[in-house]
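The values are calculated or read from the model by the stated rules, or taken from the named source; none is laboratory data. Predicted model only: the values in this text are computed from it and were never measured. Cβ coordinates were reconstructed from backbone atoms using ideal geometry, including for glycine residues, and neighbour counts include every protein chain displayed.
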Amino acid sequence: MERKLFAPAGAAAALAAVVLLAGCSGGGAPAPSTGGTTAATATASTSASAPGSATGTATTTSSSMATSSATSTVNALVQGFPSKLLPLMPGATVTASSFDRSTTPATASLTATTAAKQADILAYYTKAFTAQGFTAQPGDTVAGVPTKTFTRATGQDVITLSLDVTSSRVTFTLGANVLPASLK
């Protein structure tokens, strides 16, 4: 089975995605390679990296990935992405996305950029997630990075929002680990 890997445009976005998914998925998260390309992995025992092509997309095949339906892409939402669970904020531009519904918990991530203010991003996603029955958890930063975690289903569904603020743009990453039934 062919598997797509992605290299987000900014190193900060890649780092945010790696940190976010590592915290959410218990070790099955993407890991940066020495070449600067981020490899999305289907399982904790599988990691791959490949140099990015001119479009920033690389492809690799692995027998251990054959049982996974994980996909990722750059500058678009991957096919089947749970947009109701993780909506794209109006005015934001997708830089990378990934989705794997074959695991328990199912995993999805979205990295995007926007000119919106940090407070507006937090307010938008707090409203979107609480409307879905999530509860915002205490704390607004992790290691100095603006981060907010939302949970539901007695903590079995978790979404984390992480922001990288620059002078003119904010890159944000949403990472979700949810029960497969939550993807309906």
Quiz item: Name the pairs whose Cβ atoms lie under 7 Å apart, with the first residue in segment 111-140 and hydrophobic (A, V, I, L, M, F, W, C), the second exposed (fewer than 12 other Cβ atoms within 10 Å of the Cβ) and at pLDDT below 95, and 6 or more positions between them or separate chains?
Solution: ALA115/SER168
Practice problem: Output the qualifying pairs, or none if there are none: Cβ atoms under 9 angstrom, residues six or more apart or on different chains, first residue in segment 143-156 and of a type in the set (Gly, Ala, Ser), second residue at pLDDT below 95 and surrounded by 14 or more Cβ atoms within 10 Å (Cβ to Cβ). | Solution: ALA143/VAL19; ALA153/SER182
Quiz item: For segment 141-168, which residues satisfy the criterion of being over 18 Å from PRO105 (Cβ atoms), loosely packed, with under 14 Cβ neighbours inside 10 Å and either of a type in the set (S, T, N, Q) or in contact with a strand residue (DSSP E or B) (Cβ under 7 Å, 6 or more places away or on another chain) (or both)?
Solution: THR141, THR166, SER167, SER168
Quiz prompt | Only listed residue being under 28 Å from PRO146 (Cα atoms) and at pLDDT below 50, chosen from ALA112, ALA44 | solution = ALA44
Self-check item: Those residues of segment 119-139 which are under 18 Å from the mean Cα position of the chain (by Cα) and surrounded by fewer than 16 Cβ atoms within 10 Å (Cβ to Cβ), in sequence order
Solution: THR126
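Scanning for something among the β-branched types (Val, Ile, Thr) and touching a Lys or Arg at 6+ places or on another chain (Cβ under 8 Å), does segment 100-121 turn up at least one residue?
Residues of segment 100-121 that are among the β-branched types (Val, Ile, Thr), as a first pass: 103-104, 107, 111, 113-114, 121.
Checking the rest, the ones that are also touching a Lys or Arg at 6+ places or on another chain (Cβ under 8 Å) come to 113-114.
Checking segment 100-121: at least one residue is among the β-branched types (Val, Ile, Thr) and touching a Lys or Arg at 6+ places or on another chain (Cβ under 8 Å).
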